[in-house]
Amino acid sequence: MIRLWIPLLLTAGMVCAQAQDPAYEPLDRAYAALRDKHYEQAIAGFQQAITAAPARASIHKDLAYTLLKVGETVAAREQFAEAMRLDPADDHVALEYAFLCYETKEPVAARRVFDRLRKKGDATAAQAFENVDKPLRDGIARWQQVLRAAPENFSAHEELARLAEQREELALAAEHFELAWRLRTGRRDLLLDLGRVLKAQGKTEQSITALLAASRGAEARVAEQARELLPARYPYVYEFESALQLDPANEELRRELAYLHQEMGNRDAASREFQKLPERAPARPATVQPILLEHDEPGPDAKAMAERSFEKGYLNDAVRYLRSAYETDPADFGVMLKLGWTYNILKQDREAVRWFDLARKSPDASIATEASQAYRNLASGLRRWHTTVWAFPMISTRWRDTFAYAQAKAELKVPGLAIKPYLSVRFIGDLRGSVRPIVGMGPQSLSERSIITATGVATPVKHGAFAWFEAGVALPYSGGSVKRDLRGGFSYARAITHRRLFAETTDDVLFVSRFGNDTLLYSQNRTGRRLGESIDVYWNWNATMDAKRQYWANTAETGPGVRWRWDALQFSVNFLRGAYLRNLGNPYRPNYNDLRIGIWYAFSR
């Protein structure tokens, strides 16, 4: 009897444990996908499990190892870091994290962890620490020797400072960043480096001096990085004065201090600062207020002034006011979104992307949605490699067959190059392969039944249109010889919506060498109405023509259709009445009916 109850009790215990563990189901799916080597599904499952149980180090560790399998080393590093934070005693995780830090160009963090582990007797960590630390030690000694012979050698000071920072000799790094800055006062990026190192040392006041100087009058990237390291408030007068002692030639810094004195009523002090400028700066209009005064009180009209500047087209002024408003209230996501759009109009897309990224974390759903869409649109265009994948399987009742069309394309963005080179793999095939239209005629192919690999170039999309050309080979997957494949053309797409009504067109002029060097025109058009957020009903108006006037390439089709969207999938059902426009050599009836059911799936990254 006891033997009978034991398995029942164990089973009941397992059921209770599963019910009490919110991460059980996503973890079960993740490990099943991992066993089948479906890594993307496994990653999604682990991420869901982390949402359900964020404090479980083992899930972060398993996710990290899965991310490594798909080459996502930076994301894997972050997961190992979280696992290490949750379970500091897991030295194996710490070692994995350290190696990934070194691999992803974060040698300081790698060296720090290797050092901690080697002191606990880990031989692997000891060897890795030596591999990281020895070049730094040797480099520091070498540049110190150079400076003993040539104390004014700028490059030696800069390189010594960078190596010292990586080895966490922060006092040595700060000393030589400042000496390098004294030799090249036009290099305000060195002030950013100096401020960062001083902040790491805990020297807050000195770091603000260097960072404030770097945040004014430097190139945009340096200024932005310096602002990120400064306190989230407007600087005080004495901080401006200290920054000017470090960087007396900084005109933008001096002009801002002069305006601040003027708005505070310190007219003598403002006049002194204006007189030190190469040309006397005009008085600031009376309506313009400083954003924060010495007592850290916000000015009244920063956002209003930004809006007025934006409306009048003074975009650089709008940026300045918006940034001041952001410094006043770093949690104002509306300001972040406006900064993103302003930088976007100024064609400073890398800056725009950063602000959209901040704004999409807004608790306001409308701001978050708008920022997220803008971020995705811009971020994809800034990547060096842009990958798109689409697939369209379709059932046709006319041919009693299932067709599949798909393409994976990796596009390279080369700065300064108008066209975009790319690599492409296409799949075009069907299940039946061929039909015999009438007795006595040979079989007629229903598709190319090939995998086509190619290298191509494409123009940027402008007003919905672009041109492309590619050269490759077609590899038949059901027998036959490898054939050269040249294809290219012109594509145009446009959609117009009015309330819930819409009209859209997709048109392609396509040259294909494998069809006897034929050129074809495909035009697919729809007019319809949108029902809710995801369902459309419409009427199709399609036409196909070709230069060689072949019967199969000259058709017109019309009929109703419906489509609905679910996440990245789009389902469509179309009932079409078609007619051949040319019937010379046509073995089929001139008119036909066809029910087509398809699924469209696409993603890009």
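The values are calculated or read from the model by the stated rules, or taken from the named source; none is laboratory data. Keep in mind it's a predicted model, so treat the numbers as computed, not measured. Don't worry about glycine lacking a Cβ; one is built from the backbone with ideal geometry, like all the others, and counts go over all protein chains shown.
Data for the structure
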{"quantity": "Qualifying residue in region 192-203 (condition: more than 30 Å from M84 (Cα to Cα), of a type in the set (A, V, I, L, M, F, W, C) and not in a helix (DSSP H, G or I))", "calculated": "no"}
{"quantity": "Residue that is within 30 Å of L584 (Cβ to Cβ) and polar (S, T, N, Q), where the choices are Q570, Q550", "calculated": "Q550"}
{"quantity": "Residue in region 401-421 that is among the β-branched types (V, I, T) and under 30 Å from the mean Cα position of the chain (by Cα) present", "calculated": "yes"}
{"quantity": "Selection within region 117-141 - among the small types (G, A, S) and closer than 19 Å to E106 by Cβ", "calculated": "A125, A128, G139"}
{"quantity": "Subset of region 579-598 [under 25 Å from R530 (Cα atoms) and surrounded by 14 or more Cβ atoms within 10 Å (Cβ to Cβ)]", "calculated": "D594, R596, I597, G598"}
{"quantity": "Selected residue [farther than 27 Å from R182 by Cβ, of a type outside the set (S, T, N, Q) and crowded, with 22+ Cβ neighbours inside 10 Å] from A161, A94", "calculated": "A94"}
{"quantity": "Every residue from region 416-435 that is farther than 21 Å from G456 by Cβ and either touching a strand residue (DSSP E or B) at 6+ places or on another chain (Cβ under 6 Å) or among the β-branched types (V, I, T) (or both)", "calculated": "D430, L431, R432, S434, V435"}
{"quantity": "Region 469-501, subset of a type in the set (D, E, K, R) and under 30 Å from L531 (Cβ atoms), residue modelled with the lowest pLDDT", "calculated": "R499"}
{"quantity": "Residues located in region 496-511, provided they are under 18 Å from A543 (Cα atoms) and free of Cβ contacts under 8 Å to residues at least 24 places away in the same chain", "calculated": "E504, T505, T506, D507, D508, V509, L510"}
{"quantity": "Subset tally (residues that are among the hydrophobic types (A, V, I, L, M, F, W, C) and touching a Pro at 6+ places or on another chain (Cβ under 9 Å)) for region 23-49", "calculated": "3"}
{"quantity": "Considering residues of region 257-310 that are among the hydrophobic types (A, V, I, L, M, F, W, C), more than 21 Å from T209 (Cα to Cα) and in a loop (DSSP other than H, G, I, E, B) only, the residue modelled with the highest pLDDT", "calculated": "M264"}
{"quantity": "Qualifying positions in region 315-361 - among the small types (G, A, S), surrounded by fewer than 18 Cβ atoms within 10 Å (Cβ to Cβ) and over 24 Å from L382 (Cα atoms)", "calculated": "A331"}
{"quantity": "Pair list, Cβ under 6 Å, 6 or more apart: region 265-287 residue more than 22 Å from D247 (Cα to Cα) and among the acidic types (D, E), other residue loosely packed, with under 10 Cβ neighbours inside 10 Å and modelled with pLDDT of 85 or more", "calculated": "none"}
{"quantity": "Subset of region 205-222 [within 16 Å of W181 (Cα to Cα) and among the small types (G, A, S)]", "calculated": "S207, A210, A213, A214, S215, G217, A218"}
{"quantity": "Residue list for region 518-546, filter: farther than 20 Å from I597 by Cα and surrounded by fewer than 14 Cβ atoms within 10 Å (Cβ to Cβ)", "calculated": "G532, E533"}
{"quantity": "First in region 163-180 and in a helix (DSSP H, G or I), second anywhere and surrounded by fewer than 18 Cβ atoms within 10 Å (Cβ to Cβ) and among the small types (G, A, S), Cβ under 7 Å, 6 or more apart", "calculated": "L163/G139; L170/A200"}
{"quantity": "Residue that is nearest to the chain's Cα centre (by Cα), among those in region 207-230 that are in a loop (DSSP other than H, G, I, E, B) and at pLDDT below 90", "calculated": "E219"}
{"quantity": "Check on R530, closer than 17 Å to I428 by Cβ, more than 29 Å from the chain's Cα centre (by Cα), assigned to a strand (DSSP E or B) and free of Cβ contacts under 8 Å to residues at least 40 places away in the same chain", "calculated": "no"}
{"quantity": "Selection status of Y238, of a type outside the set (D, E, K, R) and either part of a helix (DSSP H, G or I) or at pLDDT 90 or above (or both)", "calculated": "yes"}
{"quantity": "Matching residues in region 532-548 - criterion: being of a type in the set (D, E, K, R) and over 21 Å from R577 (Cα atoms)", "calculated": "E533, K548"}
{"quantity": "Only one of D364, D349 that is of a type in the set (D, E), under 13 Å from the mean Cα position of the chain (by Cα) and at pLDDT below 90", "calculated": "D349"}
{"quantity": "Qualifying residue in region 484-499 (condition: exposed (fewer than 15 other Cβ atoms within 10 Å of the Cβ), assigned to a strand (DSSP E or B) and charged (D, E, K, R))", "calculated": "yes"}
{"quantity": "Tally, over region 67-107, of residues that are within 17 Å of A30 (Cβ to Cβ), under 21 Å from the mean Cα position of the chain (by Cα) and not basic (K, R)", "calculated": "7"}
{"quantity": "Given (1) modelled with pLDDT under 85; (2) farther than 21 Å from A223 by Cβ; (3) assigned to a helix (DSSP H, G or I), index of the condition G313 fails", "calculated": "(3)"}
{"quantity": "Tabulated pairs, region 26-45, first more than 19 Å from R56 (Cα to Cα) and small (G, A, S), second at pLDDT 85 or above and part of a helix (DSSP H, G or I), C-beta under 7 angstrom, 6+ apart or interchain", "calculated": "A33/Q41; A33/A42; A33/G45"}
{"quantity": "Filter result for the condition that a residue is hydrophobic (A, V, I, L, M, F, W, C) and crowded, with 22+ Cβ neighbours inside 10 Å, over L147, L100, L136", "calculated": "L100"}
{"quantity": "Filter result for the condition that a residue is at pLDDT below 90 and polar (S, T, N, Q), over T185, T204", "calculated": "T185"}
{"quantity": "Test: T506 is under 24 Å from D485 (Cβ atoms), of a type in the set (V, I, T), under 40 Å from the mean Cα position of the chain (by Cα) and assigned to a strand (DSSP E or B)", "calculated": "yes"}
